[in-house]
Amino acid sequence: METVRLPRVMQETALMGKRAGKAIGFVPTMGALHEGHLSLVKAARSENDIVVASIFVNPAQFAAGEDFDRYPRTVSDDLEKLSSSGLADFVFLPEAQNIYPPGFATRVDVAGLSERMCGAFRPGHFQGVAAIVLKLLNIVQPARAYFGQKDYQQSVIIKRLVKDLNLPVEVVVCPTMREPDGLAMSSRNAYLSPRQRKAAPALYRALQAAASAMAEGRRDAGGLRALMRQALRDEPLFSAVDYISIFDAETLEELENADRNVVLLAGAARIGATRLIDNLLVNNLK
Ligand code: PAF
């Protein structure tokens, strides 16, 4: 496994691979790698000739007052995990000054989708994500790029970006990896104290409660929302709920009736200073 630091060198290496007829599979990450990330790298390995993972804690997707400074940075562990997995050929590990050199002025805004759900609580976040993902795709030149369903809104925004800008890449969304108690794997779980960690799966349980009610035929979004809110209120360590609701799985608009073929149950809530997100897709046709 080779570590590449300069965007120009990464792009030249990728273009050489492409010219030789190789398909590149790309897994962008912010590091602090866990099994969820490794499942993406595994999927990339199974479908491509060359696998590139990137590690870059992107300052542009953190608003002022968010956790950019304390975001876990575990680069040597991450490199060890990737290298011992034997799954990645290259790790792209750029410096911020080479990604955002002086004079960088471009904004990328996937309008509408970026303002809904988490976007309403994290202004500018998805513009920062869209810009870095577009940049990384241009540098790494992948045939396929891999994202986790845990960041469902992010994956919908990136699919829109790819479609709108005719980017020659397939966006592959892989299932959320969970701990045995249901908590979605996330680098931010490292912030949780043991008590908070124990309480954290309540978010997933709240989504599951609504999914079970839907399996029994309930479709009134108001009632389902109330049920999920109550399930979260039952866990007093959740200090604030940004949202927990039912959305159209494509437009991300909040629904009044959960009667579409596929709907998205999703929530974002805080335990102390830690913001957790999770989601479930419910297929009403099954
Ligand atoms: O999902 C993430 O880890 C980040 O948002 C991404 C896609 C690597 C962009 O910084």
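The values are calculated or read from the model by the stated rules, or taken from the named source; none is laboratory data. Source: prediction; values computed, not measured. In this analysis, Cβ positions are derived from the backbone assuming ideal geometry, glycine residues included, and neighbour counts consider all displayed protein chains. The accessibility values were calculated without ligands, DNA or RNA, using every heavy atom of the protein model including side chains. Shrake-Rupley method; radii C 1.70, N 1.55, O 1.52, S 1.80 Å.
Could you tell me whether Pro101 is of a type outside the set (Lys, Arg), touching a Leu at 6+ places or on another chain (Cβ under 9 Å) and either open to solvent by 50 Å² or more (accessible area, probe 1.4 Å) or in a loop (DSSP other than H, G, I, E, B) (or both)? Before you say what the answer is, go through the steps one by one.
Numbers: of a type outside the set (Lys, Arg): yes; touching a Leu at 6+ places or on another chain (Cβ under 9 Å): no; either open to solvent by 50 Å² or more (accessible area, probe 1.4 Å) or in a loop (DSSP other than H, G, I, E, B) (or both): yes.
Spelling it out, it is not the case that Pro101 is of a type outside the set (Lys, Arg), touching a Leu at 6+ places or on another chain (Cβ under 9 Å) and either open to solvent by 50 Å² or more (accessible area, probe 1.4 Å) or in a loop (DSSP other than H, G, I, E, B) (or both).
Among the candidates Ser46, Ser83, Ser54, which residue alone is among the hydroxyl-bearing types (Ser, Thr, Tyr), open to solvent by less than 30 Å² (accessible area, probe 1.4 Å) and either more than 19 Å from the chain's Cα centre (by Cα) or within 19 Å of Leu137 (Cβ to Cβ) (or both)?
On the way: Ser46 fails: open to solvent by less than 30 Å² (accessible area, probe 1.4 Å); Ser83 fails: open to solvent by less than 30 Å² (accessible area, probe 1.4 Å).
Only one candidate passes the filter, namely Ser54.
For segment 159-169, check the following and say yes or no: at least one residue is more than 18 Å from the chain's Cα centre (by Cα) and open to solvent by less than 60 Å² (accessible area, probe 1.4 Å).
Step one: filter segment 159-169 for residues more than 18 Å from the chain's Cα centre (by Cα), giving 163-168.
Subsequent filtering for residues that are open to solvent by less than 60 Å² (accessible area, probe 1.4 Å) retains 167.
Scanning segment 159-169, I find at least one residue that is more than 18 Å from the chain's Cα centre (by Cα) and open to solvent by less than 60 Å² (accessible area, probe 1.4 Å), so the answer is yes.
Looking at the structure I just gave you, is Pro94 away from the ligand (no atom under 12 Å from the Cβ), closer than 30 Å to Thr274 by Cα, touching a residue at least 60 places away in the same chain (Cβ under 8 Å) and assigned to a loop (DSSP other than H, G, I, E, B)? Walk me through it before giving the result.
On the way: away from the ligand (no atom under 12 Å from the Cβ): no; closer than 30 Å to Thr274 by Cα: yes; touching a residue at least 60 places away in the same chain (Cβ under 8 Å): yes; assigned to a loop (DSSP other than H, G, I, E, B): yes.
For Pro94, the condition - away from the ligand (no atom under 12 Å from the Cβ), closer than 30 Å to Thr274 by Cα, touching a residue at least 60 places away in the same chain (Cβ under 8 Å) and assigned to a loop (DSSP other than H, G, I, E, B) - is not met.
Taking segment 1-43, which residues are touching a helix residue (DSSP H, G or I) at 6+ places or on another chain (Cβ under 7 Å), open to solvent by 10 Å² or more (accessible area, probe 1.4 Å), part of a helix (DSSP H, G or I) and more than 16 Å from the ligand (Cβ to nearest atom)?
Gln11
Taking segment 131-166, which residues are more than 12 Å from the ligand (Cβ to nearest atom) and of a type in the set (S, T, N, Q)?
Passing the criteria: Asn138, Gln141, Asn166.
Looking at (1) more than 30 Å from Leu6 (Cβ to Cβ); (2) assigned to a helix (DSSP H, G or I); (3) among the acidic types (Asp, Glu), find the lone condition where Glu115 falls short.
(2)
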